[in-house]
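Trainee: Sharing a structure with you now.
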Amino acid sequence: MTIPSISPAEAQARLADGAVLVDIRNREEHAREHIPGAVLWPVAHPTVSLPRGTAKTLIFHCRSGARTQAAAARLVSASEGCEAFVLSGGLEAWKQAGLPVQVDRRQPIELMRQVQIAAGSLVLAGVVIAAVVSPYGLLLSGFVGAGLVFAGISGFCGMARILAWMPWNRRVVP
């Protein structure tokens with residue numbers, strides 16, 4: 001099931017007419033960067049009900065639009081009785097259109113991006129060690145690769161758990 005897409009300019013016009021913009025990303029992503037006035041409704045937490053008030057039109061968005069389309073069936077059922085749209089290109093398209101975004105750089109970047117940075121850095125370090133010092137450096141790259149495969153299969157990412165405990169991931173309360 002799909003929800004019709006609208007451009008950032010169309011979304012802004014509908015917002016001026018009383019539509020509600022719904023951010024379906026997680027709390028951490030929203031805290032770091034969001035469209036002013038957007039209502040947070042993390043689609044990853046199905047127990048939370050959609051705070052739509054009396055809105056007749058809902059516009060859903062994520063960072064790029066991919067998660068929003070993937071969750072379309074759930075969003076359609078949650079928006080029953082309302083006209084629903086997806087912000088084409090999500091937050092990134094909104095920013096490219098030069099529309100306002102609220103940014104709080106004191107908030108940590110998303111955990112998955114941290115995992116990507118850490119895993120990529122460890123793999124690169126293993127390859128450099130293997131090329132310069134010892135071929136045993138490839139063991140580091142292999143270990144990280146095996147951990148990523150395990151995380152993909154099991155849904156448990158040890159690196160994400162460790163990174164979540166790091167001091168820079170303490171959320172700053174405004």
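Laboratory data are not the source of any read-out in this text; all were calculated from the coordinates shown. For clarity, every value in this text was computed on a predicted model and none was experimentally measured. Cβ sites come from the backbone with ideal geometry, for glycine too, and all protein chains shown count toward neighbours.
Trainee: Search the structure for amide H atoms under 5 Å from the amide H of E83, placed 1.01 Å from N in the peptide plane, and list their residues when 5 or more places away or on another chain.
Mentor: Placed amide hydrogens put T57, L58 under 5 Å from E83.
Trainee: Now, a different point. Using a Gaussian network model of the chain whose springs link C-alpha atoms within less than 10 Å, name the residue from V133, V144, V22 with the highest mean-square fluctuation.
Mentor: Of V133, V144, V22, the most mobile in the Gaussian network model is V133.
Trainee: Once amide H atoms are placed 1.01 Å from N in the peptide plane, what residues at a sequence separation of 5 or more from V22, or on another chain, have their amide H within under 5 Å of its amide H?
Mentor: Amide H neighbours of V22, under 5 Å, 5+ apart: V39, I59, F60, H61.
Trainee: Another one. Taking the simple approach of a point 7 Å from Cα along Cα-to-Cβ for both R170 and L139, what is their distance in nm?
Mentor: So the label points at R170 and L139 sit 3.6 nm apart.
Trainee: Test of understanding: what is the full-extension gain from F150 to T54, defined as 0.36 nm times their sequence separation minus their Cα-Cα distance?
Mentor: 30.1 nm
Trainee: Can you tell me which of A84, A19, A119 moves the most in a GNM of the chain? Springs connect C-alpha atoms under 10 Å apart.
Mentor: Highest fluctuation among the options: A119.
Trainee: 5 Å is the cut-off here: which amide hydrogens, built 1.01 Å from N in the peptide plane, fall below it relative to S5, excluding neighbours closer than 5 in sequence?
Mentor: Correct list: V86.
Trainee: Report, in deg cm²/dmol and to the nearest 500, the calculated mean residue ellipticity at 222 nm for the chain, where each DSSP H run with n ≥ 4 adds -39500 (n - 2.57) and the sum is divided by the residue count.
Mentor: Dividing the helical sum by the residues of the chain leaves -13500 deg cm²/dmol.
Trainee: May I pose another question? When Lys and Arg each count +1 and Asp and Glu each count -1, what net charge do the other residues less than 11 Å away from E33, Cβ to Cβ, add up to?
Mentor: -1
Trainee: What base-10 log of the normalised intensity I(q)/I(0) is obtained for the chain from the Debye formula, alpha carbons as equal point scatterers, at q = 0.14, 0.20 Å⁻¹?
Mentor: With one equal scatterer per Cα and no solvent, log10 I(q)/I(0) is -0.83, -1.25.
Trainee: Calculate the translational D of the stretch 74-174 in whole µm² s⁻¹ from Stokes-Einstein, where the hydrodynamic radius comes from the Kirkwood formula applied to all Cα pairs, the temperature is 37 °C and the viscosity 0.692 mPa s.
Mentor: So the translational diffusion coefficient is about 189 µm²/s.
Trainee: Further question: Please list, by residue number, every one of the trypsin sites (Lys or Arg not before Pro) in the stretch 29-109 that is coil in DSSP and has at most 11 other beta-carbon atoms within 10 Å.
Mentor: R105, R106
Trainee: So, one more: Just tell me, in residue order, which DSSP H segments of the chain are both 30 angstrom or longer along the helix axis (alpha-carbon based) and at least 0.5 in mean Kyte-Doolittle hydropathy.
Mentor: Span-like helices, by this rule, are 111-132.
Trainee: Relative contact order of the chain, please, whole-number percent, based on alpha carbon pairs below 8 angstrom and at least 6 residues apart.
Mentor: Reported relative contact order: 22 percent.
Trainee: May I ask you to compute the full-extension gain from A130 to A13, defined as 0.36 nm times their residue separation minus their alpha-carbon distance, rounded to one decimal in nm?
Mentor: Additional length available on full extension: 36.5 nm.
Trainee: Let me ask something additional. For the stretch 1-47, rounded, prolate or oblate, judged on the Cα gyration tensor with a ≥ b ≥ c (square roots of eigenvalues), a/c < 1.5 rounded, else prolate if a/b > b/c?
Mentor: Oblate.
Trainee: Now for a different question. Could you tell me what % of all Cα pairs in the stretch 5-103 have separations over 22 Å?
Mentor: The share of Cα pairs beyond 22 Å in the stretch 5-103 comes to 17 percent.
Trainee: Would you mind telling me which residue in I117, I35, I59 has the biggest mean-square fluctuation in a Gaussian network model of the chain, where springs connect alpha carbons within a distance under 10 angstrom?
Mentor: The residue that fluctuates most here is I117.
Trainee: Moving on to the next point. Taking the inverse of the average 1/r across all pairs of different Cα atoms in the stretch 92-137, what Kirkwood radius in Å do you get?
Mentor: Kirkwood hydrodynamic radius for the stretch 92-137: 13.6 Å.
Trainee: Right, next: Under the definition of Cα pairs under 8 Å and six or more residues apart, what whole-number percent is the relative contact order of the stretch 25-107?
Mentor: Across the stretch 25-107, relative contact order equals 39 percent.
Trainee: Add +1 for every Lys or Arg and -1 for every Asp or Glu among the other residues with Cβ under 12 Å from the Cβ of H45, and state the total.
Mentor: Around H45, the charge tally is +3.
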